[in-house]
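One structure below.
The values are calculated or read from the model by the stated rules, or taken from the named source; none is laboratory data. Quantities reported herein were computed from a predicted structural model and do not represent experimental measurements. Here the Cβ is made from the backbone with ideal geometry for all residues, glycine too, and neighbour counts use every protein chain on show. With ligands, DNA and RNA removed, areas are computed over all heavy atoms of the protein, side chains included. Shrake-Rupley method; radii C 1.70, N 1.55, O 1.52, S 1.80 Å.
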Amino acid sequence: MASTAGDSWDITDFIVKKGNGVKGLTEMELESLPKQYVQPPEERMDMNSVVGEESIPVIDMSKWDDPKVADSICDAAEKWGFFQVINHGVPIGVLENVKEATHRFFGLPAEEKRKYTKECSPTNNVRYGTSFSPQAERSLEWKDYLSLFYKSENEASAFWPPECKDETLEYMKRSEPVIRQLLEALMRRMNVKEIDQTKASLLMGSKRINLNYYPICPNPELTVGVGRHSDVSTLTFLLQDDVGGLYVRRFDGDGWVHVPPITGSLVINVGDALQIMSNGRYKSVEHRVVANESKNRISVPIFVNPSPSDIIGPLPEVLESGEKAVYKQVLYSDYVKHFFRKAHDGKKTVDFAKI
Ligand SMILES: COc1cc(/C=C/C(=O)SCCNC(=O)CCNC(=O)[C@H](O)C(C)(C)COP(=O)(O)OP(=O)(O)OC[C@H]2O[C@@H](n3cnc4c(N)ncnc43)[C@H](O)[C@@H]2OP(=O)(O)O)ccc1O
Ligand SMILES: O=C(O)CCC(=O)C(=O)O
Ligand SMILES: [Fe+2]
């Protein structure tokens, strides 16, 4: 049964405005889920829709000179929109430090984390919050987050929280060669021979790193960690811990597959920007996160994006054979604002760019 304890005091004020987050709520030792978190039945994960026998590809990057490796990356991006990479070159120690730093940040007292809420943060590029878009959502998501938009080393040094600044910056730096390798392979199949300055901006002109914290949930079956959505990035590089709970829509649209945690791996997914630039050949696939009854979970996505001021649309190289464009040209920051101003709604964001 969902709790009605929230009727006597303003839970939303406590979680969102006062910056206590879901973590602050769980510290009050709730026995059941506050009604604000109860999702309509159609948005809860139906475990009967999970396809147990299948999973997204796991690709070993250690034999990069073998063209089959790049092929399997492009195949996975076309079919699943999701894959895991192992032996990618980012040292395990760097990944472990980011996970530790994430726990350190969320372990801070609420008054310290509150300094980074939308209302208090000294910059728009550092944002601590809860759920995805609490003003727009009918039911809240069981998740707190810290979102860091990378401008420069200096800006990050001045404004990013000291509890996680060095670790997240190092992770971003060490992941750059992998980002480039994957984008070069994906572009070759799209007839793009070289990533020049214009293409570099379109494909990886801005980066955002989120630290996600999903506290233990008293009734995970009634709520969501993250609701069904696709990312608005070019590519997302996700580091998850060993708890599990990320589910991806199966390639034929029928059912969901779990993304099993693999120590040292990174989960890569195509975002809407790459789906649009590839004119729909690479798939930005719906995914969601299920809350957990017995363990706190963390995940750390790096969103690799176009620059906010870029106009994105199908790449000329993709259309040169006469293929008809299915997406129009849109200003990337308009696309992102459209995404942030509504609740998660599956694959609907991409309609914004459809012809
Ligand atoms: C948080 O939980 C998430 C996040 C995600 C994210 C998936 C991605 O793919 S993120 C990659 C997004 N791309 C970029 O950030 C690069 C481009 N950035 C921009 O164009 C701009 O920085 C901007 C994001 C559009 C912000 O522009 P600005 O002019 O500064 O406008 P604002 O008024 O500040 O913001 C507009 C609107 O968005 C809300 N918002 C801004 N940043 C965040 C954030 N980090 N998290 C949540 N919401 C944010 C902001 O509140 C404004 O809404 P209002 O209603 O308040 O007007 C996937 C899944 C998740 O669960
Ligand atoms: O926590 C996860 O596994 C995925 C989170 C996610 O999809 C996102 O932040 O966009
Ligand atoms: Fe996502």
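A few comments on the model shown:
- Under DSSP loop assignment and at most 16 Cβ neighbours within 10 Å, longest GluC sites (Glu not before Pro)-free interval of the chain: 195-292
- Sites CYS120 and SER309 - FRET efficiency at Förster radius 41 Å, r taken between beta-carbons, to 0.05: 0.90
- Between ILE195 and any residue 5 or more places off or on another chain, the built amide H atoms are never under 5 Å apart.
- Long-range amide H partners of LEU235 with built H, under 5 Å: GLY271, VAL304
- Qualifying chymotrypsin sites (Phe, Trp or Tyr not before Pro) for the stretch 1-107 [loop in DSSP, other Cβ within 10 Å: at most 10]: TRP9
- Eligible lysines near LYS173 by straight Cα distance, threshold 20 Å, same-chain separation 8 or greater: LYS99, LYS151, LYS165, LYS199, LYS207
- Only protein heavy atoms count here; on that basis, with a 1.4 Å probe, ILE355 has an accessible area of about 140 Å².
- Estimated 222 nm signal from helices in the chain, with DSSP H stretches of n ≥ 4 weighted -39500 (n - 2.57), rounded to 500: -8000 deg cm²/dmol
- Extension gain, ILE216 to ASP65, is 50.0 nm, computed as 0.36 nm per intervening residue step minus the present C-alpha separation.
- The stretch 37-353 - percent relative contact order, Cα under 8 Å, separation 6 or more: 23
- Ligands, DNA and RNA left out, the 1.4 Å accessible surface of the chain is 49% carbon and sulfur atoms.
- Which of CYS164, CYS120 is most accessible, then next, and so on - probe 1.4 Å: CYS120, CYS164
- With the whole protein complex present, HIS338 retains an accessible surface near 60 Å², based on a 1.4 Å probe.
- Multiplying the residue separation of SER55 and ASP254 by 0.36 nm and subtracting their alpha-carbon distance yields 70.3 nm.
- Applying 1/(1 + (r/R0)^6) with r as the Cβ-Cβ distance of THR12 and ARG104 and R0 = 35 angstrom yields a FRET efficiency of 0.85.
- Loop-resident trypsin sites (Lys or Arg not before Pro) (DSSP state other than H, G, I, E or B) in the stretch 108-174 with no more than 16 further Cβ atoms inside 10 Å of their Cβ: LYS118, ARG138, LYS151.
- The alpha-carbon atoms of the chain, seen along their principal axes, cover 64, 48, 38 angstrom, with the largest extent given first.
- Of the residues THR26, THR263, THR123, ranked by 1.4 Å probe accessible area with the largest first, the sequence reads THR263, THR26, THR123.
- Under 5 Å from the amide H of TRP142 lie the amide H atoms of VAL224, GLY225, each residue being 5 or more positions distant or on a separate chain, with H modelled from the backbone and absent for Pro and chain starts.
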